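Below you'll find the structure, written out as structure tokens, and then a few comments.
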Amino acid sequence: MRYLGAVLIVAVSLGVVGCGGGGQSSTSSASSSPSAEAAGTASPNALAPGTLAPTAGGTPVAIPTATPDPNLLSTANGTVLRSYSPGALDRMNDGNLSNVAHGIGSELPSDAAPPYVFTLELPTVATITAFQAALRGAAQNGPAPSVTFAVATDGPNGTFKNVGTINGSASALTVNTSARWVRVTANQLFDSIGATGTLAPPPANLNPTGIYIEDPDPELNGSLVMSGKDSGDQRAVFVAVGSGLTATECTAGGRKATYIGQFQGRTWTATFAGNKDGNPDAIRAVVNDDASIIAGANPSGAPAVVFMRTTERARYCVPQVVGTGPHHVLVLDQDPIETFYPVDIDKPLPEYSFTTIGAGMLDAAALNGAEAVIARDVCSIPQMLAPQQIDLLLRWVATGHKLVIAGGASCAPSADYSWLPYPFTTAVGAETTHASLIQVENNALGTNDKNDVAHQVDVASYVQNGNNSLASALVVATSDPHWCGHFFVAKPTNVNGFVQTYAIDGRGLLIYDGFNDDGNPALQRLRQLELALPVPADLPCSQQVTESFLLEPNQEATFAAGSAQSVHTTMEVLANQGWNGHVTVKAAGDLPATVTPSAFDIAGGTQGLVVAVAIPASTKAGVYTVNVTADNGSGKVAQAAYTLTGTASLKKQFTPTAKRIRIYGIHFDVDSAHIQPRSESVIAQIAEVMRENPSWRFQVEGHTDSDGGAAYNLGLSQRRAQAVVNDLIARYHIAKSRLVAKGFGLTRPVATNATAAGKALNRRVELLRL
């Protein structure tokens with residue numbers, strides 16, 4: 001966050017040096033006058049609270065209850081200095097009148113001679129009951145000090161009406177007047193002035209959203225400069241969601257601080273990360289009637305801050321758009337960078353358009369038309385978004401959208417994911433030179449099946465890339481069972497865990513991506529799959545992130561029934577987040593099987609397994625499952641399934657009286673209707689039977705297990721049945737008129753969906769003679 005800079009000190013708090021050439025300093029002050037305090041006179045620093053120095057990376061705190069300054073002429077109440085004369089009061093001509101108050105030099109220049117005239121603008125018309133002034137003693141051989149007050153309601157250059165003068169030893173002036181502008185005329189400098197009374201209520205349509213110039217010292221050459229004094233002035237984008245009002249500082253070169261606040265009536269109270277000593281800072285500001293000025297200060301007494309509405313559009317104050325594709329993605333960014341998620345900004349994905357905004361600029365309009373939101377390295381959403389903005393985002397997700405949380409090593413170790421419906425923490429561990437990447441589940445976010453071209457991720461290529469940063473990837477720890485694991489990172493330090501996880505949220509989807517390799521082609525592929533995944537998503541959630549250790553992956557194989565044989569596959573036990581203990585492993589199921597090793601100690605690492613299955617010659621065609629179980633002896637069990645499909649000649653099943661044939665051995669890509677090559681021998685047998693029986697017609701039926709929603713599975717089974725029909729027509733030249741495709745989804749199970757074996761039996765193709 002940016003340092004807010006120099007102090008704004010206006011006429012209500014001028015002091016230290018006397019007026020005119022040769023005048024002496026006075027020791028008189030409001031604080032020394034009991035009558036001044038009784039009248040509600042502001043302290044000498046009423047409009048000159050000290051500096052705000054927000055820094056990034058702190059923890060937001062609850063917004064304190066601000067006690068409004070009783071002085072209506074205080075910047076804390078939204079009052080700004082509209083003009084002053086002579087202009088020489090600003091010695092440096094930089095809008096910082098503290099040069100006067102801090103007594104630079106022993107005398108004022110000769111062209112800063114009285115009378116001193118200050119015109120102040122209140123945020124709205126006020127009913128003023130009294131003015132106060134803390135005058136100084138008379139300068140040597142000078143007249144008695146005096147301050148005259150005049151008021152106007154028709155503009156800073158309108159018709160001013162004098163309402164009285166405070167002079168001599170007086171400190172207060174009782175009045176009963178309305179004022180939007182107050183003109184103060186003094187014959188010498190004073191310590192402070194004030195006014196008591198009440199502000200009019202805000203207009204019903206007060207809207208402080210938009211882009212503002214932010215300048216704590218907005219005056220120049222004696223006047224308030226609404227357009228800013230120079231091109232380096234900070235800008236701030238104000239966004240409202242409900243009563244939340246967030247301001248994001250931005251310039252042509254980047255985005256800076258975010259101020260998270262609430263807006264009630266005409267008052268904005270906001271907090272942000274603390275100073276270097278960790279103390280939180282805050283702003284209390286007031287919006288004027290046409291929302292052209294927002295002025296305020298730190299309630300504890302730090303310096304003024306003034307925002308002035310502008311039509312300027314600095315580069316990073318407006319959305320940055322890359323790509324022209326029909327699929328729209330909104331990117332919430334913490335700081336602008338030249339690399340763009342998920343690919344380089346100069347190489348956009350042709351099917352997507354990406355709109356990047358500062359995270360604090362999120363509102364309903366920004367979400368309109370977006371299919372997904374990426375929170376890119378926004379390490380602490382609560383520091384960037386008001387609670388109302390977070391609620392808006394999460395409600396948007398739950399109604400059927402996707403949120404990708406991309407948090408690389410830049411977020412370690414202070415990332416905050418407590419705002420999510422299913423919170424988690426992340427860890428990176430000590431720096432290492434290498435790490436392993438393990439895909440624990442085949443799904444539409446990525447599969448290791450090379451036949452599944454649409455979803456295959458080349459994990460070996462990722463790891464072998466010498467530029468990979470897997471060792472600095474952030475892994476997830478959580479006790480929430482909603483999170484499901486997809487990619488797992490194993491490091492020599494044993495800070496192992498899931499680096500890509502997902503959770504279903506209502507009809508929407510949350511994806512956490514802790515990779516840190518923006519330039520790795522394999523990761524770009526993985527992130528394309530994140531964007532392409534349809535929502536609602538059909539994801540199996542076979543591995544929960546909460547487990548202390550897990551056994552993966554589920555495996556499949558096909559064998560020819562009728563002869564004795566042995567098959568084997570590999571699995572792996574993974575210790576999650578440094579878990580250590582003794583593990584025993586066994587295999588049991590439809591076929592005899594052994595696991596090697598069957599027992600071992602693990603200390604936060606990984607252990608490879610070989611599962612060997614003996615298939616007797618008497619085994620018939622069908623689906624068989626071997627369940628592999630890892631047990632720590634204390635109630636923790638992890639399981640994986642080895643599913644084997646036995647195939648045999650279909651001719652014996654195609655008898656003249658057979659009406660329905662159940663077929664296993666036709667395999668599809670994950671979440672897809674793409675037929676895998678190993679299925680062709682089965683489809684070829686169907687074609688052969690149909691050629692030998694030219695009068696037979698079949699309805700090809702697709703059936704699924706229960707993973708995923710009913711509606712999605714119905715559509716998937718229809719596409720799979722149609723894929724078989726299309727293959728028979730195109731590859732084997734079976735007449736189209738002899739085939740009908742029909743999908744039944746999960747509606748006709750033949751076994752339980754509570755086990756891997758039952759699900760394997762339910763995933764099938766059936767042929768119905770017509």
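The values are calculated or read from the model by the stated rules, or taken from the named source; none is laboratory data. In this text the structure is predicted, and so the values were computed from the model without any measurement. When we count neighbours, we look across all protein chains shown, and the Cβ atoms used for this are built from the backbone with ideal geometry, even at glycine. These area figures cover heavy atoms from the full protein model, side chains too; ligands, DNA and RNA do not enter into them. Shrake-Rupley method; radii C 1.70, N 1.55, O 1.52, S 1.80 Å.
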Using the crude model of +1 on Lys and Arg Cβ and -1 on Asp and Glu Cβ, and no other charge, please compute the dipole size for the range 603-709 relative to its Cα centre, in debye to 20. 520 debye
How much length is gained if the chain between Arg691 and Ala144 is pulled fully straight, taking 0.36 nm per residue apart and subtracting their Cα-Cα distance, in nm to one decimal? 185.0 nm
Explain nothing, just the number: relative contact order of the range 415-536, from Cα pairs under 8 Å at least 6 residues apart, as a whole percent. 27 percent
Full-extension gain between Lys161 and Glu312, please, as 0.36 nm times their residue separation minus the C-alpha to C-alpha distance. 50.7 nm
Compute the distance in nm between two label points, each set 7 Å from the Cα along the Cα-to-Cβ direction, one at Ser618 and one at Gln653. 2.2 nm
Charges on Cβ only, +1 for Lys and Arg, -1 for Asp and Glu, centred on the Cα centroid of the range 615-770; of Leu761, Leu644, Thr657, which one is farthest towards the dipole's positive end? Thr657
Applied in sequence order to the range 111-124, the curve 6.51 cos²θ - 1.76 cosθ + 1.60 (Karplus, θ = phi - 60°) yields integer Hz couplings, x standing for Gly and Pro, of 8, 10, 7, x, x, 9, 10, 10, 10, 10, 10, 7, x, 7
Å² per residue, accessible surface of the range 161-270 at 1.4 Å: 35 Å²
One finds, for Lys742 and Trp419 with R0 = 30 angstrom and r their Cβ-Cβ distance, a FRET efficiency to the nearest 0.05 of 0.05
Whole-Hz ³J(HN,Hα) for each residue in the range 393-403, computed from phi via Karplus 6.51 cos²θ - 1.76 cosθ + 1.60 with θ = phi - 60°, x for glycine and proline: what do you get? 5, 5, 5, 4, 4, 5, 7, x, 10, 10, 10
Which residues qualify? For Ile734, with a placed amide H closer than 5 Å and at least 5 residues away or on another chain, they are Ile729
How large is the accessible surface per residue of the range 472-561, computed with a 1.4 Å probe and reported in Å² as a whole number? 28 Å²
Hey, which lysines would be in cross-link range of Lys586, C-alpha to C-alpha under 22 Å, not counting anything within fewer than 8 residues on its own chain? Lys636, Lys759
Would you work out the relative contact order for the range 619-733, in percent, from Cα pairs under 8 angstrom that are 6 or more residues apart? 19 percent
What percentage of the solvent-accessible surface of the range 616-691, computed with a 1.4 Å probe over protein heavy atoms, is contributed by carbon and sulfur atoms? 52 percent
Counting Lys and Arg as +1 and Asp and Glu as -1, each charge on the Cβ, what is the dipole of the range 647-770 about the Cα centre in debye, to the nearest 20? 460 debye
What full-extension length gain, to one decimal in nm, is calculated for Arg769 and Val125 as 0.36 nm per residue of separation minus the Cα-Cα distance? 223.2 nm
Once you keep just the Cα pairs under 8 angstrom separated by 6 or more residues, what percentage relative contact order results for the range 716-770? 32 percent
Rounded to the nearest 0.05, what FRET efficiency do Leu206 and Ala711 have when you use their Cβ-Cβ distance and R0 = 51 Å? 0.65
Unit charges on C-beta of K, R, D, E only; dipole of the range 438-564, Debye: 160 debye
q = 0.28 Å⁻¹, the range 189-251: log10 I(q)/I(0) [Debye, one scatterer per Cα]: -1.10
Run down the aspartates and glutamates and flag those whose C-alpha is under 13 Å from the C-alpha of Lys651, throwing out any fewer than 8 positions away in its chain. Glu688, Glu692
Here FRET efficiency (C-beta to C-beta, Ala364 to Ser410, R₀ 41 Å, nearest 0.05) is 0.90
